[in-house]
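K.L.:
Structure in structure tokens, see below.
Nothing in this text is a laboratory measurement; each read-out follows from the coordinates by a stated rule. If you're wondering where the values come from, they're calculated on a predicted model, not measured in any experiment.
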Amino acid sequence: MTLMLHAGASPIDYDGLRTLTTPEATSTHVPVPHFRLVDLVTYSLGYCGHEVVDRAFGVTPDGMRFFGVLTLLSPYTGYADVVGLRNSHDKSLPVGVSFGSSCFVCDNLAFVGDSVIKTKHSAKLKTRLPGLIGELIEPIADQRESQHRKLLTYQKTELSDDDADRAIMKMYREDIINVTRIADVLGQWERPTHDWGDKTAWRLFNATTFALTGKVLEKPAVTTKLHQVIDGVCEWVQ
């Protein structure tokens, strides 16, 4: 997949990650190499029965902040299950692991769950990290099934233009999109860049994630809130 990044980050491959310099540890701050996070999460996914079939990474120009997406082998059509990764060497981000989806046709990212390791980058974290990562990865099997049911509901729920208008304003009030994004979402709803099918909750969901392209990895909670709004749309039209 193509990793769209918003905050000045650029794509990098795994070998490139290994060449990055990790800052020296201090008595209070022990940075975790970005590639080490990738290795630990990939191992934990494999141990729990998930196969990684694609991956994409990005770093800021100074190498201090890292974002990544691991795509999992999936039998579903229209989207893939993904795991998002975040890490930093400058204390700006905790180690983070998110679970969600990516639409095949346009690489839209959305997350239904976001977990961060809130322990500081301390000496203890270095020894505890494998176990902490394992605890985050273990529930993904149940999350994959739950997400599949949710997205099937989106695909089956037809929406009128009035339903979409109401939902878009709800997104604005919930601070999922800002005022300048309202027109972007509405435009993708009415004249989608990609084929997201008829006017359903699935189409509105993808119209919104398309408008949010580039911001999702930095703020996974945005699409967690988006799911809540689309879930509400599906409930009120049924």
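K.L.:
Sort out for me the Cα centre separation of the stretch 147-214 from the stretch 58-137, rounded to whole Å.
P.N.:
Centre-to-centre (Cα) distance: 24 Å.
K.L.:
If you don't mind, there's one more thing I want to ask. With the cut-off at 21 Å, tell me which of the pairs K126/K225; K156/K199; K124/K225; K91/K124; K126/K215; K150/K225 have Cα atoms farther apart than that.
P.N.:
K126/K225; K124/K225; K126/K215
K.L.:
What angle, in degrees between 0 and 90 and rounded to the nearest 10, separates the Cα long axis of helix 201-211 from the longest principal axis of the Cα atoms of the chain?
P.N.:
For helix 201-211, the angle is close to 50 degrees.
K.L.:
Right, next: Just to confirm the number: angle between the C-alpha axis of helix 179-190 and the first principal axis of the chain, 0 to 90 degrees, nearest 10?
P.N.:
Roughly 60 degrees, rounded to the nearest 10.
K.L.:
[x] 0.95; [y] 1.40; [z] 1.04: which one is Cα Rg over 2.2 N^0.38 Å as calculated from this entry?
P.N.:
[z]
K.L.:
Roughly speaking, what is the stretch gain from V52 to S27, that is 0.36 nm per residue apart minus the C-alpha to C-alpha distance, in nm to one decimal?
P.N.:
5.5 nm
K.L.:
Under 8 Å for C-alpha pairs, at least 6 residues apart: give me the relative contact order for the stretch 10-140, rounded to a whole percent.
P.N.:
After rounding, I find 22 percent.
K.L.:
Also: Let me have the 222 nm mean residue ellipticity of the chain computed from DSSP H runs of 4+ only, each contributing -39500 (n - 2.57), with the sum over all residues rounded to the nearest 500.
P.N.:
Helix-only estimate at 222 nm: -14000 deg cm²/dmol.
K.L.:
Which of rounded, prolate or oblate describes the stretch 151-237 when judged by the alpha-carbon gyration tensor and an a/c cut-off of 1.5?
P.N.:
Because its axes are fairly even, with a/c under 1.5, the stretch 151-237 counts as rounded.
K.L.:
Another question about this same structure. Note the angle between two axes, namely the Cα long axis of helix 123-137 and the longest principal axis of the Cα atoms of the chain, as a number of degrees from 0 to 90, rounded to the nearest 10.
P.N.:
Tilt relative to the chain: about 30 degrees.
K.L.:
If you don't mind, there's one more thing I want to ask. How would the stretch 22-65 be classified by its alpha-carbon gyration tensor: rounded, prolate or oblate, with rounded meaning a/c under 1.5 and the a/b versus b/c comparison settling the rest?
P.N.:
Judged from the Cα gyration tensor, the stretch 22-65 comes out oblate (a/c at least 1.5, b/c at or above a/b).
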